Every structure is written in structure tokens, then in C-alpha cells.
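> Shown below is the structure under consideration.
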Amino acid sequence: MYNNKEAYKIDLKEAIKDLEEYIIRSKETHLYKIVVEWVEKPLIELALERTFGNKIKAARLLGINRNTLHCKIKKYSIDVSRFKY
């Protein structure tokens, strides 16, 4: 695990560059939408895992509204019960 925020930024920049290359080669468009969807679901799942499926705490951790989190959980068909212990 990294303790340095800059190291995370570097890794994320490299991952985005790799994704951009894929999109350019495949003639895809909408880079922003693709990257957000690529990152958003695992990030939500991580927050739910860390909060043992508590949606209010997960929303706070992510810095989003509880209703927004609920909509994204539905959008990505995330089974919240698998994070509850």
C-alpha cells in the first residue's frame, strides 16, 4: 500500500493513459464517461466493504449524498448484503 498521495496520482495517470490508448485504437469516444464507469463501481464497492455495507457511512466516506449512492448501487447492480457481516 502507498502512504504517498502522489504515488497514487502517478499510478492513476498511467492507468488513464493506458485506457486512453485503448479507446483511441478502438475508435471509442466519451473518454470521461468510460473512465468514470471504470473507476466508480470498484470505488463504491470498496467503500461498502470498509463500512460493512452501511450505506450512510459509505456515502460519507465517498463524499456523496446517500441518495446518490443508492442510485449508483442500483445502476451497477451492487449487492450490498455481501458486505454486511
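What follows is calculated from the coordinates using simple rules that are stated; it is not laboratory data. Computed from a predicted structure; not experimentally measured. Virtual Cβ from ideal backbone geometry, glycine too; neighbours counted across all protein chains shown.
> Out of everything in region 42-59 that is within 12 Å of the chain's Cα centre (by Cα) and not small (Gly, Ala, Ser), what residue ends up being surrounded by the most Cβ atoms within 10 Å (Cβ to Cβ)?
Leu48
> While we're looking at this one, here's another question. When you scan region 33-58, how many residues do you find that are assigned to a helix (DSSP H, G or I) and either without any contact (Cβ under 8 Å) to a residue 12 or more places away in the chain or over 29 Å from Glu14 (Cβ atoms) (or both)?
Result for region 33-58: 10.
> Just the residues that are surrounded by fewer than 16 Cβ atoms within 10 Å (Cβ to Cβ), under 16 Å from the mean Cα position of the chain (by Cα) and over 25 Å from Asp11 (Cβ atoms), please, taken from region 61-79.
Selection gives Asn65, Arg66, Thr68, His70, Cys71, Lys74, Lys75, Ser77, Asp79.
> Is it the case that region 39-58 has a residue that's touching a Ser or Thr at 6+ places or on another chain (Cβ under 9 Å) and aliphatic (A, V, I, L, M)?
yes
> Write out, first by first residue and then by second, each pair whose Cβ atoms fall under 8 Å of each other, whose residues are 6+ apart or on separate chains, and whose first residue, in region 73-85, is more than 16 Å from Val36 (Cα to Cα) while the second is of a type in the set (S, T, N, Q) and surrounded by 10 or more Cβ atoms within 10 Å (Cβ to Cβ).
Phe83/Thr51
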